[in-house]
Amino acid sequence: MVYNGQAIQVSLSDNGVAELCFDNKSESVNKFNQATLAELSEATSALADSGASAVIISSAKPVFIVGADITEFGDLWAGTDQGVLDHLAETNAIFNAFEDLDMPKVAAINGFALGGGFEMCLACEYRVMSHAAKVGLPEVSLGLIPGFGGTVRLPRVIGIDNAVQWIATGKEQKPAAALAQGGVDAVVANELLTDAALDLAQQCLSGALDWQARRTEKVSAIPLQGLELIMSITTCKAMVAQQAGRNFPAPMTAVKVIEKAAGGDRSDALKLEGEAFLEMVRTPQAQAMTGLFLSDQYIGKVAKEWGKQASAVQQAAVLGAGIMGGGIAYQSAYKGTPIVMKDINEAGIELGLNEANKLLAKRVSRGRMTPAQMGETLNRINPTLSYEDLRGADMVVEAVVENPKVKHIVLAEVEEVLEHTAVLASNTSTISISYLATALKRPENFCGMHFFNPVHAMPLVEVIRGEKTSDAAIAKTTAYALALGKKPIIVNDCPGFLVNRVLFPYFAGFVGLLKLGADFQKVDRVMEKWGWPMGPAYLQDVVGIDTGVHASDVLAEGFPDRMSKTFKDATTVLYEADRLGQKNGKGFYLYEIDKRGKPKKTVDEETYALLKPHVDSPREFSDEEILERMMIPMCTEMARCVEEGIVGSVAEADMALIYGVGFPVFRGGIFRWMDTIGLKEVVRMADQYADEAPIYRVTDTMRSMAETGQRYYNSASQA
């Protein structure tokens, strides 16, 4: 054994080829934390003295190396700028020392090699990849750029254009694409990976491959000059500007670093990369998106802990075969869990099957599924008109109309045919789970399972605990949500649950603005510029004006002190005029189907005519005031939800908005946004409007935290 550490082991075979194996004994995956980097330095020194003629780097885990240890970022970033630069310089010195070993180096990539993991592979002259592996530099998803030489080595390996595409999008590269663009040199079956890497090493040693020339290319200037370089960079900048937009500076920063470093050697290029990395570290986007990554890991851990307490769902069922029911049936069947889809008539069944067929056909048309696989998936959906076919189901989701009387009837009927251990869940978006449970003999087996529309696209599932819901029911429902590939977050019962409870105060801020004379189009533009995927008027059209009116009525009844209506609001006006949004082609906007079959919105002057009798004279609002009036109600209501224990943590609250309604990811969630601008500023903004409506009044806890300088998160590394 040449070297034996906790994370890295180096052995030397009789043929003189060494193997440097990443196998962190204390972690489930390999990653570059401080301890592993220190061992890599020691292992490199040991290799230099070992007499090895070549080295293969490998992983003993199914994942190769996932990248840097993001949990260490908080402490690092809290330090000085020079401290960050020193850390990067020290890390790159370790990678450079490995790259400079006087022997050919081959990476045998058996699984995910991402970020620092792939940068380690780029320090090798050759790379061979398993069919099961993926590679990439996803740092932009954290608001960062590569910091361990990714912007330096990758353009010199695959060219500037391809490197910009990889780095600026952050996408994982599949084997075929990585091979075609030169990111790896061979792709083989996993069982042949070691032999293929050894063969490459032997070709280097025999002189068949010029490994020294490969290394020289990686440490020298990019062989692209003058007009060619200008044209390449100009094209890259145009592409990145169009795709990334103004709120994500990291992709464009990466292009500029590659441009500046093109004419320099490795040392100069790494210095430029480090300075740009530090610039990104200090952006609010990096702080927010790194925090989101950790919060996502946290909610995943919480869900898995619950899921482990239940056995896997063997047979699911969904009641109500409309768009939602069909979407649930599709998702269950697609992910491998057989499901019975029940409705009261053939028309409903046909609607549900058509929804599943449409989604599966789209996958086939895009090459993501074969016709045979589509057939297998459809065979896992059993349509029926009879409750008798549900007898074997151990997980049933009710997705009938949002009417408590109808739901009471359906829930009681289905409970009669289920086994006593079966879990029954309601896909209600607003109706109290505790109230719905009053129709049941076994309320302990009942909970909420709130999917978001469209089911196949929206990650979030709210798992809602009623007053009598058992832990076993929560565990089973969470396990099923995980099996569907969803992000389950457990919340306690209340009107609107979590997401809708905080979304409708946001809408209340919107209709309040319109009442004061604001133009809904400008409000949409301001909020979309701030980062929302669609403004509040457009969003309500997509959700459905009728759905929104119903939900706001439920919330007004549940929280009359701050959500009751004091005037006839714009959504009610449109609802009474039968303007329901996209579902009937007219809401705040008009909708026409475009060539791709998608609804395209256009302005309709009739909307203004309908609203005119119910709003004040047109008035110009600043972008800042629009933002304040829109966001503060959401802030105050979400703070109440955490203080009341509706949701378990600020991390879960933030991720619920990210995954449920598309809260801007680069702002990190509503609590991270409040931390970014400071609670003192949040309170100042709220106090301006506190006399106008209760939704603008901060909680006592928020005011106390503002006065004492507290934050919801202590650091970027806190979930």
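The values are calculated or read from the model by the stated rules, or taken from the named source; none is laboratory data. As the structure is a prediction and not an experimental result, all values here were calculated from the model. Cβ coordinates were reconstructed from backbone atoms using ideal geometry, including for glycine residues, and neighbour counts include every protein chain displayed.
Observations on the structure shown:
- Applying a threshold of 8 Å to beta carbon distances and a minimum spacing of six or more residues, or different chains, the list of pairs starting in the stretch 584-611 at a residue that is in contact (Cβ under 8 Å) with a residue 40 or more places away in the chain and ending at one that is surrounded by fewer than 18 Cβ atoms within 10 Å (Cβ to Cβ) and hydrophobic (A, V, I, L, M, F, W, C) reads 589/603.
- Within the set 533, 495, 459, the sole residue that is surrounded by fewer than 20 Cβ atoms within 10 Å (Cβ to Cβ), farther than 30 Å from residue 420 by Cβ and touching a strand residue (DSSP E or B) at 6+ places or on another chain (Cβ under 6 Å) turns out to be 459.
- Residue 181 vs. criteria surrounded by 16 or more Cβ atoms within 10 Å (Cβ to Cβ), free of Cβ contacts under 8 Å to residues at least 24 places away in the same chain and in contact with a helix residue (DSSP H, G or I) (Cβ under 9 Å, 6 or more places away or on another chain): yes
- The stretch 41-67 - residue that is crowded, with 22+ Cβ neighbours inside 10 Å and among the polar types (S, T, N, Q) and, of those, nearest to the chain's Cα centre (by Cα): 59
- Residue in the stretch 463-486 that is under 18 Å from the mean Cα position of the chain (by Cα), surrounded by fewer than 24 Cβ atoms within 10 Å (Cβ to Cβ) and part of a strand (DSSP E or B) present: no
- Of all residues in the stretch 612-626, those satisfying the criterion of being surrounded by fewer than 18 Cβ atoms within 10 Å (Cβ to Cβ) and assigned to a helix (DSSP H, G or I) are 612, 613, 614, 623, 624, 625.
- Hits in the stretch 500-518 - residues which are touching a helix residue (DSSP H, G or I) at 6+ places or on another chain (Cβ under 8 Å), farther than 15 Å from residue 641 by Cα and not aromatic (Phe, Trp, Tyr): 508, 509, 511, 512, 513, 514, 515, 518
- Residue 480 vs. criteria of a type in the set (Ser, Thr, Tyr), assigned by TED's automatic domain parsing to the domain that holds residue 695 and touching a residue at least 60 places away in the same chain (Cβ under 8 Å): no
- At least 1 residues being under 32 Å from the mean Cα position of the chain (by Cα), more than 27 Å from residue 497 (Cβ to Cβ) and among the aliphatic types (A, V, I, L, M) is the threshold, and among the strands (runs of 3 or more DSSP E) wholly inside the stretch 353-430 those reaching it are 381-384.
- Against the test of being out of contact with any helix residue (DSSP H, G or I) (no Cβ under 8 Å at 6 or more places or on another chain) and buried (at least 18 other Cβ atoms within 10 Å of the Cβ), the options 288, 196, 238 yield a single qualifying residue, 196.
- Test: residue in the stretch 651-662 that is closer than 24 Å to residue 284 by Cβ and among the acidic types (Asp, Glu): yes
- Among residues of the stretch 559-592, those that are in a helix (DSSP H, G or I) and surrounded by 15 or more Cβ atoms within 10 Å (Cβ to Cβ), counted: 8
- Screening the stretch 115-207 for helices (runs of 4 or more DSSP H) wholly inside it with 1 or more residues that are at pLDDT below 95 and closer than 21 Å to residue 232 by Cβ returns the ranges 160-169.
- For the residues 322, 307, the requirement of being modelled with pLDDT under 95 and within 30 Å of residue 413 (Cα to Cα) singles out 322.
- Pairs, first in the same structural domain as residue 431 (by TED's automatic domain parsing) and at pLDDT 95 or above in the stretch 445-457, second among the charged types (D, E, K, R) and in a strand (DSSP E or B), C-beta under 7 Å, six or more apart: 447/465; 448/462; 450/462
- Residue within the stretch 267-274 that is outside any helix (DSSP H, G or I), surrounded by fewer than 19 Cβ atoms within 10 Å (Cβ to Cβ) and over 24 Å from the mean Cα position of the chain (by Cα) present: no
- Residues located in the stretch 259-285, provided they are at pLDDT 95 or above and of a type in the set (Gly, Ala, Ser): 267, 269, 274, 276
- Residue check, residue 540 surrounded by 23 or more Cβ atoms within 10 Å (Cβ to Cβ), modelled with pLDDT of 95 or more and either under 26 Å from residue 458 (Cα atoms) or assigned by TED's automatic domain parsing to the domain that holds residue 611 (or both): yes
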